[in-house]
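K.L.:
Below is a structure I'd like to ask you about.
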Amino acid sequence: MTVRVQAQAAPDAAREFEAHRRFLWGLCYRMTGSAADADDLVQEAFVRALQRRPAGGPTGWRPWLAKVAANLAIDALRRRKRRDYVGPWLPALVETGDEASPPAHEIASDQESTEHRYDLMESVSTAFLLALERLSPRQRAVLLLRDVFDYSVQETGAALDLSEANVKVTHHRARLTMRDYEGARMLPTREHQAKTGEKLREFLRHLENQDVAAVESMLAADVRMLSDGGGEFAAALNPILGRAKVARLFLTLAAKRQPGYAFEFRMLNGSPAVLIQGPAPVGQAPRFVIQIDVGPDGRIGEIHTVLATRKLSAIRFGS
């Protein structure tokens, strides 16, 4: 029996599931860093909901679905970590429109509360999702439920089959691992988004003009470039480090670009990005995305290039 037929046979289950779909997708995306995986996991959660309804009536649906989705995501992460990935891993990108994080003073401090430590926009940023990669799957689930989705210790334990003491220990260890992220944290506020967008356009303009000095002046001395082709397209298999190497790579690629490429600026994962598509030789990506991280000094500290088709499945490219 197909999921569609099952859904028609259980309209109340389908209605409850639709009411919680956005939450489930957001949880699964933050857990896996993959829009395609989030789609699959949410669908699997729906199948299980149709096969086995939660106890407790209408109020039982959300905690039950969250438990199913979180544990499916943990299993998916464990499978992914057992597989070799070709080159650097970057999260799949999603469109976020003109949304932004609230001002920093609205984020609770350690002393005030652990709730809402990371708001919904910051928690889909590439920097945050990359930081989550340093956590174990269960640590990631605890951190997200506690510090993004405002779950209590008791609710988190129920969702992940952990004792309250275990939740507290796991959460503490996850927060310790996130200290490096905390030290370099840049919230995607409107001010930061605007500055990043200006820098991205300026960077592309200097590349187009093949202005070596101008490109290098925009980069931090320890700038890092990550390129995710997923083994599908040609991409750097290791991070490119340092101002001179990163500048030389991008200037060379810009000089070799064939005529007919189209550029489109979009807000992805809370940060400005440029979508590029055009004619490409065999083995080269016909579509890819470039994003930058701008540090407090105004220089570009990190550049991410996402080329793998699966990582761009949630992005609308122009025709």
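The values are calculated or read from the model by the stated rules, or taken from the named source; none is laboratory data. Keep in mind that this is a model prediction, so the values were computed, not measured. Glycine gets a Cβ as well: all are built from the backbone with ideal geometry, and neighbour counts include every protein chain shown. Note: areas computed on protein heavy atoms with side chains; ligands, DNA, RNA excluded. Shrake-Rupley method; radii C 1.70, N 1.55, O 1.52, S 1.80 Å.
K.L.:
Considering only lysines 8 or more places apart in sequence, or on different chains, count the pairs in the chain whose C-alpha atoms sit under 23 Å apart.
P.N.:
6
K.L.:
Would you work out the relative contact order for the chain, in percent, from Cα pairs under 8 angstrom that are 6 or more residues apart?
P.N.:
20 percent
K.L.:
Okay, next question. Leaving out ligands, DNA and RNA, what percent of the accessible area of the range 163-319 is carbon and sulfur, probe 1.4 Å?
P.N.:
Result for the range 163-319: 53 percent of the exposed heavy-atom area is carbon or sulfur.
K.L.:
Next question. Can you tell me which of 224-237, 80-93, 171-184 comes out highest on packing, and rank the rest after it, using the mean Cβ neighbours within 10 Å?
P.N.:
Answer by packing, highest mean first, reads 224-237, 80-93, 171-184.
K.L.:
Further, regarding this structure: Ignoring ligands, DNA and RNA, what percent of the accessible area of the range 17-87 is carbon or sulfur (1.4 Å)?
P.N.:
48 percent
K.L.:
Between GLU99 and ARG80, what length in nm is gained on full extension when 0.36 nm per residue of separation is reduced by their alpha carbon distance?
P.N.:
3.8 nm
K.L.:
Peptides 200-213, 134-147: what's the order by average Cβ count within 10 Å, highest mean first?
P.N.:
Result, highest mean first: 134-147, 200-213.
K.L.:
Normalised by the number of residues in the range 190-304, what is the relative contact order in percent for Cα pairs under 8 Å and 6+ residues apart?
P.N.:
Taking the mean separation of contacting Cα pairs over the length of the range 190-304, I get 29 percent.
K.L.:
Largest first, what is the accessible-area ranking of SER163, SER271 with a 1.4 Å probe?
P.N.:
Result, largest first: SER163, SER271.
K.L.:
5 Å is the cut-off here: which amide hydrogens, built 1.01 Å from N in the peptide plane, fall below it relative to VAL223, excluding neighbours closer than 5 in sequence?
P.N.:
Answer set, sorted by chain and number: GLY242, ARG243.
K.L.:
When all alpha-carbon pairs of the range 147-258 are counted, what percent fall beyond 18 Å?
P.N.:
69 percent
K.L.:
When the dipole is taken about the Cα centre of the chain, and only Lys, Arg (+1) and Asp, Glu (-1) are charged at their Cβ, what size is it in debye, to the nearest 20?
P.N.:
Its charge dipole is roughly 980 debye.
K.L.:
Quick one: accessible area per residue over the chain, 1.4 Å probe, rounded to a whole number of Å²?
P.N.:
I get 49 Å² per residue for this part.
K.L.:
Under 8 Å for C-alpha pairs, at least 6 residues apart: give me the relative contact order for the range 133-208, rounded to a whole percent.
P.N.:
27 percent
K.L.:
Between PHE317 and ALA244, what FRET efficiency comes out of the Förster formula 1/(1 + (r/R0)^6) with R0 = 30 Å and r the beta carbon distance, rounded to 0.05?
P.N.:
Step by step, r from the Cβ atoms, then E = 0.40.
K.L.:
Moving on. With a point put 7 Å past each Cα toward its Cβ, work out how far ASP39 is from TRP89 in nm, to one decimal.
P.N.:
Roughly 2.1 nm, to one decimal.
K.L.:
Kindly identify the chain as rounded, prolate or oblate by the Cα gyration tensor criterion: order the square roots of the eigenvalues as a ≥ b ≥ c, call it rounded if a/c is under 1.5, otherwise compare a/b with b/c, prolate if a/b is larger, else oblate.
P.N.:
Prolate, since a/c reaches 1.5 and a/b exceeds b/c.
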